[in-house]
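Engineer: Please read through the structure below; I'll follow up with questions.
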Amino acid sequence: QVQEVESGGGLVQPGGSLRLSCSASGTIFTIVTMAWYRQRPRNQRELVAASTSAGSTNYANSVKDRFTISRDNAMNTAYLQMNSLKPEDTAVYYCHADVVERRGGPQLRYWGPGTQVTISS
């Protein structure tokens, strides 16, 4: 079993910055992908940014050049640096991980409980 905990959410003015953190703990052999999703009011959950253990990243078009995902593989932690924040970035942000718990085992999907990010003046 794996637990994920997000932190770093809050209220910030438009144009401001926030840094989210996600730490995974438990039975972990390797984390293949760590990603951030968000769910805005009255919208479906959407991918914001993802990072693979091989080092590749991808971003939603709406956040390219503003958000940066990074990982500390030794600490099973992912970060999302969010700059130039806009009111439309207001959402609950969720950490997601594809985890292999034991060598040769399947990839299992885990979610954190989410952290609220509010952009407002």
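Engineer: With each pseudo-label sitting 7 Å past Cα toward Cβ, what's the Arg102-Gln1 distance in nm, one decimal?
Structural biologist: 1.7
Engineer: Right, another one. Using a 1.4 Å probe and ignoring any ligands, DNA or RNA, find the accessible area of Met75 and quote it in Å² to the nearest 10.
Structural biologist: 120
Engineer: In Å², what does the accessible area per residue of the chain work out to with a 1.4 Å probe? All intermediate terms of the calculation are to be shown ahead of the outcome.
Structural biologist: Values: 6380 Å² over 121 residues.
Accessible area per residue: 53 Å².
Engineer: Carbon and sulfur atoms: what percent of the 1.4 Å accessible area of the chain do they account for?
Structural biologist: On the way: 2920 of 6380 Å².
Its accessible area is 46 percent carbon and sulfur atoms.
Engineer: Sticking with this structure for a sec: Ignoring ligands and nucleic acids, what accessible area does Arg45 show with a 1.4 Å probe (Å², nearest 10)?
Structural biologist: Approximately 100 Å² for this residue.
Engineer: Please report the orientation-averaged projected area of the chain, defined via the convex hull of its C-alpha atoms, in nm².
Structural biologist: On the way: hull surface 28.4 nm².
That works out to 7.1 nm².
Engineer: What does the accessible area of Tyr37 come to, in Å² to the nearest 10, when a probe of 1.4 Å is used?
Structural biologist: Roll a 1.4 Å probe over it and Tyr37 shows about 50 Å².
Engineer: Can you tell me the FRET efficiency between Gln116 and Ser56 if r is taken as the Cβ-Cβ distance and R0 is 25 Å, rounded to the nearest 0.05? Don't skip to the answer; put the middle values down first.
Structural biologist: On the way: r = 29 Å, r/R0 = 1.15.
The calculated FRET efficiency here is 0.30.
The values are calculated or read from the model by the stated rules, or taken from the named source; none is laboratory data. Given the structure is predicted, the values throughout are model-derived calculations rather than measurements. No Cβ is skipped: glycine too gets one built from the backbone with ideal geometry, and neighbour counts run over all protein chains shown. Surface areas here come from the heavy atoms of the whole protein model, side chains and all, with no ligands, DNA or RNA. Shrake-Rupley method; radii C 1.70, N 1.55, O 1.52, S 1.80 Å.
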